[in-house]
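Below: the structure, in structure tokens.
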Amino acid sequence: ECLKSGDSPPQLPGASHIRMWAPYTLDCVCVLQELDASLKKVLSGDLQSLILGLMMIPEQFEAHRLRKAMEGAGTDEETLLEMLCTRTPQQLSDIRAAYSQEYKRDLEKDLISETSGDFSKLIEALLKKENGPGIIDQDIASLSEELKNKKPATDIWIKILTTRNPDYLRIVLEKLEFEKGQTVEDTLEGHFKGVLSGDLKKGLKTLGKTGLCVFEDAPVVQGVMVAHSEEDLLRVRVAYLQSTGTSLYTALQKQFKGELQQGLLAICRAED
């Protein structure tokens, strides 16, 4: 049902070309509501999720993904990690606001209630992520010292990986790799082997790659494609190629079938 004159337009979905129509007029809001309802009638399953996701404004889509990841009997930790590890502090702030507006709930409380232990500590730190400065030699020394511990501790890793800006962090981790003679990913895998949950290790590894990590779970891949479709999908394509040696376009062709595959390939646009 369309809004009546005098009603306040809510934060509604808007496809990439529709998002440029802001601020919304009542006629535009009406069209979007009708289009959304019509698409739900003619589409189903993953294709419906893909198209409706493209209709949402970015922060609304991310809030929707987080809520969906926490619904049901289990928690979709892969989606949580992909989003929280790779978004900037400002993006996370916008997502928290959209989540609160959309669901009338507190995102931090919901996420903490769905997690436990050190993984919960990581999630909480990611929600309060900073892009601040640090002292390179001091951070390298702190991480190197922790790696000497027979009983690994996550606190210093979580602190440094969630409070430093990406460019600074890249320098710290490159120097640490040179010092240890192996990648940060291999260092974390060996140091925390048999100690941490797979999800916590994957979170630290993702942050250790300064926000770039390959996720293969189909719903996560679909979410990444939609979330990055307007701003930096080319960066994602380049990172995927560098990490796997396979283009994202080819990977989508192999992993998905039918209309969903065609939709994802249209978003990806081209072979690399």
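The values are calculated or read from the model by the stated rules, or taken from the named source; none is laboratory data. None of the values given here were measured: they were computed from a predicted structure. Here the Cβ is made from the backbone with ideal geometry for all residues, glycine too, and neighbour counts use every protein chain on show.
Scan the range 105-148 residue by residue and report those that are among the charged types (D, E, K, R) and farther than 17 Å from P166 by Cα. Scanning the range 105-148 gives R105, D106, E108, K109, D110, E114, D118, K121, E124, E145, E146, K148. Restricting attention to the range 125-174, the residues that are among the polar types (S, T, N, Q) and over 20 Å from L92 (Cα atoms) total 5. Taking the listed residues S120, S113, the one that is surrounded by 15 or more Cβ atoms within 10 Å (Cβ to Cβ), at pLDDT below 95 and closer than 18 Å to L81 by Cα is S120, with no other qualifying. Just one residue in the set E130, E77, E82 is in the same structural domain as K201 (by TED's automatic domain parsing) and either touching a Pro at 6+ places or on another chain (Cβ under 6 Å) or surrounded by fewer than 19 Cβ atoms within 10 Å (Cβ to Cβ) (or both); that residue is E130.
Residues in the range 98-153 that are outside any helix (DSSP H, G or I) and under 17 Å from F192 (Cα atoms): K148, N149, K150, K151, P152, A153. Return yes or no: is A15 within 30 Å of K202 (Cα to Cα) and either modelled with pLDDT under 85 or not in a helix (DSSP H, G or I) (or both)? No, not satisfied. Restricted to the range 51-80, and to residues there that are at pLDDT 90 or above and either in contact with a Gly (Cβ under 6 Å, 6 or more places away or on another chain) or of a type in the set (V, I, T) (or both), the residue that is nearest to D118 (Cα to Cα) is T79. Do we find a residue being free of Cβ contacts under 8 Å to residues at least 24 places away in the same chain and under 20 Å from the mean Cα position of the chain (by Cα) anywhere in the range 219-226? Within the range 219-226, not a single residue is free of Cβ contacts under 8 Å to residues at least 24 places away in the same chain and under 20 Å from the mean Cα position of the chain (by Cα).
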